[in-house]
Amino acid sequence: MTSRSAGAPGPGPAAAGNGPAVSRRDFDALFASLRTWGRWDPADRGAWNRVTADHVRRATAAVRSGVVVPLALPWNTRPGPDNRRPALHHMTDLGDVESPEPSTHKDFIAADYHGKGVTHLDALSHIAYRGRLYDGRTAGDAVGAAGARFGAVSALGPLVARGVLLDLPAVLSVRWLEPGRAVHAADVTAAERALGVTIGEGDAVLLRSGHVRRRTELGAWDPDTASAGFHVDAVPLLAERGVALLGGDGDSDVRPSPVEGVHSPVHALAVAAMGVPLLDNLDLEALSAATAEAGRYEFLLVVAPLNVPGGTGSPVNPVAVL
């Protein structure tokens, strides 16, 4: 990927498409209406409890060609407007510090991954709203300097589920959605009709906005300022369908936020209210091409986060199998 040249356009007037605005009072009412607190045991797996062995067996029926598509961005060690805290990678052994034969080469990686530069999974301890994590747990009691005591990524384990790609640029016959363009409930249902797929219980829904393609062709920008993603009015529909996971080539939220005083309202609704983990910063370009070639937008999705006790999420390389 290239960095933006001086003449390449960043987010423009399309950022005005993030509305309509939602008042804090209406948002709080929506949050209360979508809460699934007290529904599941164990609670810190949240909506992943929806995915039963029967769901997994049905998901495997989506595999026909055996085409495997990885969905993670490359490990990003280069600073930029969308990567203010670059990941680390350096060599610790070049084969010259141990006994010979065989020589070994070793390296070190690390990342402050909750940003825009690393593909990662948000666990339920990552997001609190009004001081509460999912299931009503007090954030200050559940998360401390040693990590999370509730909602850690280690409680989630791997997910094997039916994936659904909402490929909005394909539906709208555009190269990408401009940063700031909101995806509404009506866009979701229109995409289902156009792509011949229906979101169901236990599904993992991935939203392609064309973010990666735009970045490749025009250069990087600051997605915290403007990015395409779901408007909060799409979340009740996704909740009604019983989704287990949301993900996208952004971070699921349209930016600027349409809710005053709430910078990531979809994060708050999905993670803290509904117990739905999020996949951020996916590369969905190869999946877009593969699903278009196959003529179907469902697939088997495998998400295997690192087993980090107390972790609020994990870098991850999800895999789609068609």
Pick from Asp41, Asp203, Asp253: which residue has the top mean-square fluctuation in a GNM of the chain where Cα pairs under 10 Å get a spring?
Asp41
Given H placed 1.01 Å from N in the peptide plane, which residues other than close sequence neighbours of Asp93 have an amide H under 5 Å from its amide H?
Lys106
With the 8 Å Cα cutoff and a minimum separation of six or more residues, the chain has a relative contact order in percent of 31 percent
Please report the base-10 log of the normalised intensity I(q)/I(0) for the stretch 86-149, using a Debye sum with one equal scatterer per alpha carbon and no solvent, at each q in 0.13, 0.16, 0.28, 0.29 (1/Å).
-0.59, -0.71, -1.11, -1.14
Solvent-accessible ranking of Lys106, Lys116, largest area first, probe 1.4 Å:
Lys106, Lys116
Which percent, nearest 5, of DSSP beta bridges in the chain are antiparallel?
65 percent
Given the whole protein assembly as supplied and a 1.4 Å probe, what does the accessible area of Thr225 come to in Å², nearest 10?
80 Å²
Can you tell me the alpha carbon radius of gyration of the chain divided by the globular rule-of-thumb value 2.2 N^0.38 Å?
0.99
Quick one: grab Rg to one decimal and Dmax as a whole number for the stretch 173-322, Cα atoms only, in Å.
14.9, 44
Sum up the charges of everything whose Cβ sits under 14 Å from the Cβ of Leu94, counting Lys and Arg as +1 and Asp and Glu as -1, but leave Leu94 out.
-3
Rank these residues by their accessible area, most exposed first, probe 1.4 Å: Val22, Val143.
Val143, Val22
Using θ = phi - 60° and Karplus 6.51 cos²θ - 1.76 cosθ + 1.60, couplings along the stretch 137-142 (whole Hz; Gly, Pro as x):
6, 6, 4, x, 7, 8
Carbon/sulfur fraction of accessible area - the chain, other protein chains in place, 1.4 Å, %:
54 percent
How long are the semi-axes of the ellipsoid equivalent to the stretch 251-322, from square roots of 5 times the Cα gyration tensor eigenvalues, in whole Å, largest first?
26, 19, 10
Given Cα pairs under 8 Å that are at least 6 residues apart, what percent is the relative contact order of the stretch 102-257?
22 percent
Are there any trypsin sites (Lys or Arg not before Pro) in the stretch 123-203 that are in a DSSP loop and have at most 13 other Cβ atoms within 10 Å? List them by number.
Arg130, Arg175
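The values are calculated or read from the model by the stated rules, or taken from the named source; none is laboratory data. For clarity, every value in this text was computed on a predicted model and none was experimentally measured. Glycine gets a Cβ as well: all are built from the backbone with ideal geometry, and neighbour counts include every protein chain shown. We work out accessible area using only protein heavy atoms, side chains counted, and drop any ligands, DNA or RNA first. Shrake-Rupley method; radii C 1.70, N 1.55, O 1.52, S 1.80 Å.
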